[in-house]
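Bear in mind that the values in this text are calculations on the coordinates, not laboratory data. As the structure is a prediction and not an experimental result, all values here were calculated from the model. Using ideal geometry, Cβ is built from the backbone for each residue, glycine included, and neighbour counts are taken over all protein chains shown.
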């Protein structure tokens with residue numbers, strides 16, 4: 001099954017690509033410098049785009065390319081709030097995916113799907129290409145939605161009516177709880193964006209609450225110093241009526 005020729009990009013056959021309603025997922029292309037780009041239309045039509053043939057760029061170069069491309073499309077960098085995990089900053093707007101142990105399994109999920117604040121687009125970048133393994137599998141959420149709706153129509157209908165609620169507990173700084181992926185509510189990408197080293201505990205909490213309110217009015221402090229945050233999100237976002245956010249249901253169980 002073929003996909004239409006797109007200006008600026010030459011189609012690239014990708015192993016294990018899927019076709020959904022006659023369209024390849026992901027849409028794979030190599031850069032052709034002779035013609036112009038229609039990146040937004042590609043993303044809307046295919047959901048994902050793979051670029052190859054650029055050589056090995058540094059994280060800093062990748063950062064500049066992504067920021068320039070998204071600003072040209074009228075987009076602003078996504079601000080991470082309430083991150084329940086650990087990431088390292090490699091360059092402006094370029095972060096490690098997760099610093100958890102390699103033995104921990106991560107199930108399919110949409111980025112920040114359980115949050116009221118989430119990114120519109122995600123760019124993946126590999127600093128080192130593994131000789132074998134190391135792939136980051138992606139899935140077409142529209143295809144998942146249609147399959148679940150076909151097999152469990154009453155379940156999908158009930159989700160659309162009720163929505164989803166996410167309860168996340170953020171431990172205090174210095175805790176020793178762990179699964180190898182340490183995080184606490186004082187961290188920069190959690191709720192510590194404005195916390196200073198010299199701040200006392202009451203000030204730190206006030207600053208954390210200010211950030212939490214950007215996500216939800218539903219939060220409280222627990223006796224052990226943890227911050228409990230509850231977010232209500234629609235199962236089917238109103239601006240994407242064909243889209244179902246399934247990962248919030250399964251992910252915490254993984």
**OP:** Run through every distinct alpha carbon pair of the range 78-254 and return the Kirkwood hydrodynamic radius in angstroms, one decimal place.
**Re:** 18.1
Original post:
Can you pull the semi-axes for the range 186-235, root of five times each eigenvalue of the Cα gyration tensor, sorted largest first, whole Å?
Top reply: 21, 13, 8
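If you rank 103, 61 by fewest surrounding Cβ atoms within 10 Å, what's the result?
103, 61
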Subject >> residue 167-residue 99 FRET efficiency (beta carbon distance; Förster radius 30 Å; 0.05 resolution) >> reply: 0.80
